[in-house]
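Undergrad: After the structure tokens below, expect a handful of questions from me.
The values are calculated or read from the model by the stated rules, or taken from the named source; none is laboratory data. Owing to the predicted nature of the structure, the values given are computational and were not obtained by experimental measurement. A quick note on method: Cβ atoms are made from the backbone with ideal geometry, for glycine too, and the neighbour counts reach across all protein chains shown. Keep in mind that these areas ignore ligands, DNA and RNA; they rest on the heavy atoms of the full protein, side chains included. Shrake-Rupley method; radii C 1.70, N 1.55, O 1.52, S 1.80 Å.
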Amino acid sequence: MARMAPKFTLALAVVAATIFWSAPGLAQPQEFKIAPVGTRLHRDTGGWIEIQRIEGRTVLTRNSAGRETRGVGLFFPTGTEQGVSFDKERVESIWPLEVGKSVSFKFTRGGDVWDETIKVLRTERVTVPAGSFDAYVVEVHEKTVGFGGAYEGKFTNWYAPDAGFIVKQTYQWVRGNAPNFTPWMLQRIERPQG
């Protein structure tokens, strides 16, 4: 019996892994698609977020505690405070989503400067309490600039076009002061009436 050449075996393994781990039902590229205004997304950690307004590729949400957040390009939350600076068009250019696509930019708030990178890692099927979804896995890698590089962390988001939002989010601390963050999954979707 003939043995396969190592390069051929490796190529075959890469193709098999891509087929196994990818979500074949997802469009490539994926256009910006968000659940309608008024949709409440209940998290397994308690509470909810409600979509208040959609402005281009930016989503304004309010949580069950009344706090508003502006999700630029969906994946980059900036809050609604004044005094922040970043290239909004650059952030929103992550859309349409395609595996391997990334954007990098600087974010400033007060005297703090951050290096930010948003990258579409892969597609995969994800199961959360709200159901099973084909999803894009999108990572937001952030670190402070200067200050001895005091902080670095990675947020991983599972964006499901069928849900029109992120259905799961995790965090990986790398170094420095970790933010107060609890990983969450989507518990249920409450669509607006009418």
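Undergrad: Quick one: pull the percent of accessible area on segment 52-194 belonging to carbon and sulfur, 1.4 Å probe, ligands and nucleic acids left out.
TA: Carbon-and-sulfur percentage of accessible area, whole number: 45.
Undergrad: Just flag the GluC sites (Glu not before Pro) in segment 53-88 sitting in loop per DSSP whose Cβ has no more than 15 other Cβ atoms within 10 Å.
TA: Loop-located and lightly packed - Glu81.
Undergrad: Now a separate question. Taking only C-alpha pairs under 8 Å that are 6+ residues apart, what is the relative contact order of segment 36-81 in percent?
TA: Values: 81 pairs, mean separation 11.0, N = 46.
Worked out over segment 36-81, it gives 24 percent.
Undergrad: Moving on. Gap in Å between the Cα centre of segment 64-104 and the Cα centre of segment 115-194?
TA: So the separation of the two Cα centres works out to 12 Å.
Undergrad: Leaving out ligands and nucleic acids, and using a 1.4 Å probe, what accessible area per residue does segment 50-194 come to in Å²?
TA: Here the residues of segment 50-194 average 49 Å² of exposed surface.
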